[in-house]
Amino acid sequence: MEFEKKQMILIVDDNPDDIELTTIALASSEPDLCVRSAQDGGTALRMLRTGGDPPDLILIDIKMPGMSGLETLREIRADRRLKGIPVIMLSSSSLDSDRESSLRAGASGFLHKSLSFSRFSNDLDKVLHEWLPGHA
Amino acid sequence: MPDSALKTCEEKRRHTEAALETTLQELRSCAARLEEANRELESFTYSVSHDLRAPLRVIDGFTEMILAQKGPDFDAETLRKFRIVRDNACKMGRLIEGLLMLSRLGRCGMNRGKLDMNFIARESLGGIRMEEPHREITAGIDTLPPAEGDPMMIRQVFDYLLSNSAKFTRDTPAARIEVGSIEKNGASVYFVKDNGIGFDMKHYDRLFNVFQRLVSESQFEGDGMGLALVRRIVKRHGGEIWAEAEVGKGATFYFTLAPGS
C-alpha cells in the first residue's frame with residue numbers, strides 16, 4: 001500500500017497565539033496539511049537544516065526579536081539546499097515598506113496579517129492556491 | 001584706502017564669517033534634530049502599525065472562532081456582551097488605521113496636477129449616494145473652478161466632507177447638500193454645505209482635532225478622524241479649512257487649495 005505524503009508547512013513566528021491562528025486558518029483551508037512551527041529564526045533554520053524533508057512552504061513573520069524575519073529569509077535563500085522553497089513573509093503592518101523589503105530579500109510573496117481573521121484566512125487560502133502544488 | 005579703514009573692513013569680514021559659520025552650525029544641528037525626529041516618527045508609525053495591531057487580530061481571530069463554535073449555546077445576554085467585545089476590538093482597529101493614515105498623509109509623496117473639481121465632487125457624491133441608496137437627499141454641485149493638487153487626496157476631502165453631510169442630515173426631513181465655490185482675495189474657496197444638525201460654534205476649536213467628536217457616537221457613528229485627515233490634506237496643499245455652523249440649521253465647510261487655485 002502506498003501512502004501519499006502530507007504536504008508540510010513551516011510557520012516561523014515569535015507570537016504563539018499568532019502561530020495558533022495561522023495553523024487554524026491553514027487547517028480550514030486545507031485540512032490535510034502537516035504544520036510545524038518555530039518561534040524564532042535560529043530554531044527555524046536548525047529545523048530546516050537537520051529535520052529531514054524540507055517543507056513545501058514557509059511562512060515567516062517579518063518582525064521577530066533576535067534574528068528578524070528578513071534575516072531568516074536571507075539565510076534560507078543563501079542555503080543551497082533550502083533556497084528553492086517558497087517563502088511567504090507575513091506582517092501585521094500595513095506599510096508598503098514591509099512588502100518591498102520582503103520581495104527585495106527574496107521572498108516569494110507577502111501576506112498582510114489582516115485585522116479581520118476571516119479576511120486573513122481568505123488571503124492565506126489564495127497563497128496556498130498559488131504556492132502549494134495540488135492545493136484545490 | 002587708508003590702513004585703518006582696511007583693518008576695519010577686515011574685522012567686519014571676520015565678524016561676518018564667524019556669524020555665518022555659527023548660523024551654519026545651528027542649521028546643521030537643526031537638520032540633525034529634524035532627521036532624528038523623523039526617524040522617531042517613522043519608528044513610532046511602524047510600532048503603531050505592527051505592535052498595536054498584532055494583539056487586536058488575535059482578539060478578533062479567537063473571538064470569531066468562539067462565536068462560530070459556541071455562539072449557538074450562548075444566551076442572549078452573553079451573546080450581546082460578546083459582540084460588544086468584538087465591536088470594540090474592531091473600533092480600536094479603525095482608530096489605529098486612522099492614525100496611520102494621518103501619519104502617512106503627512107509624509108507620502110503628492111502627485112500634483114490639474115484638478116477638475118466638478119468631476120471629483122460628482123464622483124464623490126455618486127459614491128456617497130451608492131452607500132445609502134434609499135435616502136432622498138437633494139444635492140447640487142455648482143460649477144467649480146479648477147484647482148491644482150493630488151487628485152486622490154482631494155477626492156478624500158470631498159468623500160469625508162460629503163459623507164459627513166450625508167450622516168448629519170440623516171434625521172433632517174428634507175436633507176439638502178450643496179457643493180459650491182466663492183472667490184475670496186483672488187483665491188477660489190470651495191464649500192460643502194448641508195442643512196443637518198450643525199454644531200455649536202463654541203466647540204469650534206476642537207473640530208479638526210484627532211479623535212474629537214462633537215456629537216455622541218450613539219447618535220452618529222464615526223471615530224473622530226475624518227476632519228483631522230481633511231485638514232491634513234488641505235494643509236499639505238498649502239490651503240486652509242474652516243467651518244460655520246449653527247445647531248439644528250446645518251454646517252458649511254470651506255477650503256482653499258492655495259497656491260494657484
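Scanning segment A:19-63 for residues that are among the charged types (D, E, K, R) and under 23 Å from residue A:129 (Cα atoms) returns A:20, A:30, A:32, A:36, A:53, A:56, A:61. Filtered by the rule that a residue be crowded, with 20+ Cβ neighbours inside 10 Å and in a loop (DSSP other than H, G, I, E, B), segment B:173-183 gives a lone residue, B:175.
Of all positions in segment B:146-166, none carries a residue that is in contact with a Gly (Cβ under 7 Å, 6 or more places away or on another chain), in a loop (DSSP other than H, G, I, E, B) and of a type outside the set (A, V, I, L, M).
Exactly one residue out of A:66, A:52 is out of contact with any Leu (no Cβ under 9 Å at 6 or more places or on another chain), more than 17 Å from residue B:50 (Cβ to Cβ), part of a loop (DSSP other than H, G, I, E, B) and more than 14 Å from chain B (Cβ to nearest Cβ), and it is A:52.
For residues that are in a helix (DSSP H, G or I) and among the polar types (S, T, N, Q), scanning just segment A:92-108, find the one that is farthest from residue A:76 (Cα to Cα). So the residue we want is A:97. Just a yes or no: is a residue in segment B:56-67 over 15 Å from residue A:120 (Cβ atoms) and either out of contact with any strand residue (DSSP E or B) (no Cβ under 7 Å at 6 or more places or on another chain) or away from every other protein chain (no Cβ under 14 Å) (or both)? Among the residues of segment B:56-67, at least one is over 15 Å from residue A:120 (Cβ atoms) and either out of contact with any strand residue (DSSP E or B) (no Cβ under 7 Å at 6 or more places or on another chain) or away from every other protein chain (no Cβ under 14 Å) (or both), which makes the answer yes. So residue A:89 clears everything in (1) in a helix (DSSP H, G or I); (2) touching a residue at least 24 places away in the same chain (Cβ under 8 Å); (3) buried (at least 19 other Cβ atoms within 10 Å of the Cβ) except one condition, right? Which one? Among (1) in a helix (DSSP H, G or I); (2) touching a residue at least 24 places away in the same chain (Cβ under 8 Å); (3) buried (at least 19 other Cβ atoms within 10 Å of the Cβ), the lone unmet condition for residue A:89 is (1).
Determine if segment B:83-93 includes at least one residue that is in contact (Cβ under 8 Å) with a residue 60 or more places away in the chain and at negative phi. There is at least one residue in segment B:83-93 that is in contact (Cβ under 8 Å) with a residue 60 or more places away in the chain and at negative phi.
Scanning segment B:73-115 for residues that are assigned to a loop (DSSP other than H, G, I, E, B) and within 13 Å of another protein chain (Cβ to nearest Cβ), we see that the one that is modelled with the lowest pLDDT is B:108. Of everything listed in (1) over 20 Å from residue A:124 (Cα atoms); (2) modelled with pLDDT of 95 or more, the single unmet condition for residue A:49 is (2).
One line per residue, one yes/no per condition, for (1) crowded, with 19+ Cβ neighbours inside 10 Å; (2) more than 17 Å from the chain's Cα centre (by Cα):
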{"position": "B:157", "(1), (2)": "yes, no"}
{"position": "B:162", "(1), (2)": "yes, no"}
{"position": "B:166", "(1), (2)": "yes, yes"}
{"position": "B:171", "(1), (2)": "no, yes"}
{"position": "B:185", "(1), (2)": "no, yes"}
{"position": "B:196", "(1), (2)": "yes, yes"}
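Return yes when residue B:41 is within 30 Å of residue B:224 (Cα to Cα), surrounded by 11 or more Cβ atoms within 10 Å (Cβ to Cβ), more than 11 Å from chain A (Cβ to nearest Cβ) and of a type outside the set (Gly, Ala, Ser) and no when it is not. Spelling it out, residue B:41 is indeed within 30 Å of residue B:224 (Cα to Cα), surrounded by 11 or more Cβ atoms within 10 Å (Cβ to Cβ), more than 11 Å from chain A (Cβ to nearest Cβ) and of a type outside the set (Gly, Ala, Ser). Listed residues A:128, A:111, A:82, A:124; which is part of a strand (DSSP E or B), within 14 Å of the chain's Cα centre (by Cα) and either touching a residue at least 12 places away in the same chain (Cβ under 8 Å) or surrounded by fewer than 18 Cβ atoms within 10 Å (Cβ to Cβ) (or both)? Selected residue: A:111, the only one of A:128, A:111, A:82, A:124 that is part of a strand (DSSP E or B), within 14 Å of the chain's Cα centre (by Cα) and either touching a residue at least 12 places away in the same chain (Cβ under 8 Å) or surrounded by fewer than 18 Cβ atoms within 10 Å (Cβ to Cβ) (or both). For residue A:44, the criteria (1) of a type in the set (A, V, I, L, M); (2) over 12 Å from the mean Cα position of the chain (by Cα); (3) assigned to a helix (DSSP H, G or I) hold in every case but one, which is (2). Pairing each residue of segment A:15-39 that is at the interface with another protein chain (Cβ under 9 Å from one of its Cβ atoms) with any residue that is among the β-branched types (Val, Ile, Thr) and in a helix (DSSP H, G or I), provided the two are 6+ apart or on different chains, yields C-beta distances under 7 Å for A:17/B:58; A:18/B:58; A:21/B:58. For segment B:106-134, a tally of residues being in contact with a strand residue (DSSP E or B) (Cβ under 7 Å, 6 or more places away or on another chain) and free of Cβ contacts under 8 Å to residues at least 24 places away in the same chain returns 1.
So which residues in segment A:91-136 are within 14 Å of another protein chain (Cβ to nearest Cβ), small (Gly, Ala, Ser) and in contact with a His (Cβ under 9 Å, 6 or more places away or on another chain)? Of everything in segment A:91-136, those that are within 14 Å of another protein chain (Cβ to nearest Cβ), small (Gly, Ala, Ser) and in contact with a His (Cβ under 9 Å, 6 or more places away or on another chain) turn out to be A:91, A:92, A:93, A:94.
The values are calculated or read from the model by the stated rules, or taken from the named source; none is laboratory data. Just so it is clear, the structure is predicted and the values come from calculations on it, not from any experiment. As a convention, Cβ positions derive from the backbone with ideal geometry for all residues, glycine included, and neighbour counts pool all protein chains shown.
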